[in-house]
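The values are calculated or read from the model by the stated rules, or taken from the named source; none is laboratory data. Everything numeric in this text was worked out from a predicted model, so none of it was measured. Accessible surface areas use protein heavy atoms only, side chains included; no ligands, DNA or RNA. Shrake-Rupley method; radii C 1.70, N 1.55, O 1.52, S 1.80 Å.
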Amino acid sequence: MERRQFLVRSCQACAALAFIPAATLTGCASFKGLSLAADNGMVQIPLAQLDPSGKTMVKAKGAPEKFIVVEQPDGSYSAIELNCTHKGGPVNEKDGQLVCGLHGSTFDNTGHVVKGPAKTDLKRYGVEVVGDLLQVKVA
Ligand code: FES
């Protein structure tokens with residue numbers, strides 16, 4: 001193998017490895033996942049890192065649960081915890097809605113219950129756009 005070929009293949013392998021955490025967070029979804037850190041109960045997400053689809057999964061070290069940031073039709077943002085209010089099952093995005101993998105509770109893109117057995121909406125975190133950051137208050 002020539003040196004040039006080796007370098008190209010090495011860079012391709014590194015790029016593939018760098019993408020694994022994001023792909024793991026998104027599961028089968030086709031949008032971006034971010035892995036960040038919470039500082040003093042706040043997660044700061046650069047707006048430029050949000051997925052252009054309008055939905056971005058976020059796992060933040062120091063935050064209690066994984067959440068999804070959804071850009072609403074009016075341009076505002078919602079940060080919705082992906083922990084089912086029925087019995088704590090994992091909620092994931094599926095066909096444009098948020099669906100619990102345990103018993104099928106379904107929530108809309110603002111976290112409101114569309115179909116039970118859950119009777120309570122998903123928890124929403126406070127959000128604020130400050131400059132080029134979306135600040136999410138997780139604690
Ligand atoms: S835990 Fe989510 S529907 Fe039961």
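What pairs from Lys32/Lys115; Lys32/Lys94; Lys66/Lys137; Lys32/Lys61 go past 24 Å between their alpha carbons?
Beyond 24 Å between Cα atoms: Lys32/Lys115.
Per residue, how much accessible area does region 58-139 show when a 1.4 Å probe rolls over the protein heavy atoms, in square angstrom?
Counting only protein heavy atoms, the per-residue value for region 58-139 is 52 Å².
Under a 1.4 angstrom probe, counting protein chains only, how are Lys59, Lys94 ranked by accessible area, largest first?
Largest to smallest exposure gives the sequence Lys94, Lys59.
Using a 1.4 Å probe over the heavy atoms of the protein chains, calculate the carbon and sulfur portion of the accessible area of region 43-139 as a whole percent.
Looking at region 43-139 in its full context, I get 50 percent from C and S.
Of all beta bridges DSSP finds with both residues in region 31-131, what is the antiparallel percent, to the nearest 5?
Here the antiparallel bridges make up roughly 80 percent for region 31-131.
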